[in-house]
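Please read through the structure below; I'll follow up with questions.
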Amino acid sequence: MSQEEKLIKRLLSKPVDFTYDELRKLLGKLGYKESHSGKTSGSRVAFCNETTGHIIRLHKPHPTNVLKQYQIEQIVEELMARRLV
């Protein structure tokens, strides 16, 4: 099983400890690039898929690197709607 497949399987299980770094790796493998728009973007980030034009927006988790459960659920819904997972 590839690293991408492992990350997808882990994300789909909606774990309580899925990290932002894991998300960044997974979305990168699915063709998304991380974007921080402007000087005042703060913790807001967008992941843009250059092929499809699809954008996933979220706030970077802080003070820890672990995503909130609602963020994981939204990301799973977005990726499933696009048939990427």
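The values are calculated or read from the model by the stated rules, or taken from the named source; none is laboratory data. Remember, predicted model here, so these are calculated numbers, not experimental data. Here the Cβ is made from the backbone with ideal geometry for all residues, glycine too, and neighbour counts use every protein chain on show. To get the accessible areas, we keep the full protein, side chains included, count just its heavy atoms, and leave off ligands, DNA and RNA. Shrake-Rupley method; radii C 1.70, N 1.55, O 1.52, S 1.80 Å.
Modelled label-to-label distance, K33 and E4, 7 Å Cα→beta-carbon offset: nm?
In this crude label model, K33 to E4 measures out at 1.8 nm.
Rolling a 1.4 angstrom probe over the protein heavy atoms, how many square angstrom per residue are accessible across the chain?
66
Further question: Mind putting a number on the dipole of the range 10-56 about its Cα centre? Charges go on the C-beta only, +1 for Lys and Arg and -1 for Asp and Glu, and I need it in Debye to the nearest 20.
That gives the range 10-56 a dipole magnitude of about 40 debye.
Give me the net charge of G28's neighbourhood, meaning all other residues with Cβ under 15 Å from the Cβ of G28; Lys, Arg count +1, Asp, Glu -1.
That works out to -1.
Place a +1 charge on the Cβ of each Lys and Arg in the chain and a -1 charge on the Cβ of each Asp and Glu, then give the dipole magnitude about the Cα centre in debye, rounded to the nearest 20.
I would put it at about 120 debye.
Looking at the chain from every direction and averaging, what is the projected area of its Cα convex hull in nm²?
Averaged projected area of the chain's Cα convex hull equals 5.6 nm².
If I take the Cα coordinates of the range 34-82 and project them onto the principal axes, what are the three extents in Å, biggest first?
30, 26, 11
Report the extension gain between L12 and K25 in nm, rounded to one decimal, defined as 0.36 nm multiplied by the number of residues separating them, less their alpha carbon distance.
Answer, rounded to one decimal: 3.2 nm.
Return the distance in nm (one decimal) between the two label points of a simple spin-label model at R82 and K68, each offset 7 Å from Cα along Cα→Cβ.
2.2
Scan the chain and report its longest stretch carrying no trypsin sites (Lys or Arg not before Pro) that are both in a DSSP loop and have at most 16 other Cβ atoms within 10 Å.
1-38
Non-local amide H neighbours of H54 (under 5 Å, H modeled in plane, Pro and chain starts lacking H): which ones?
N49
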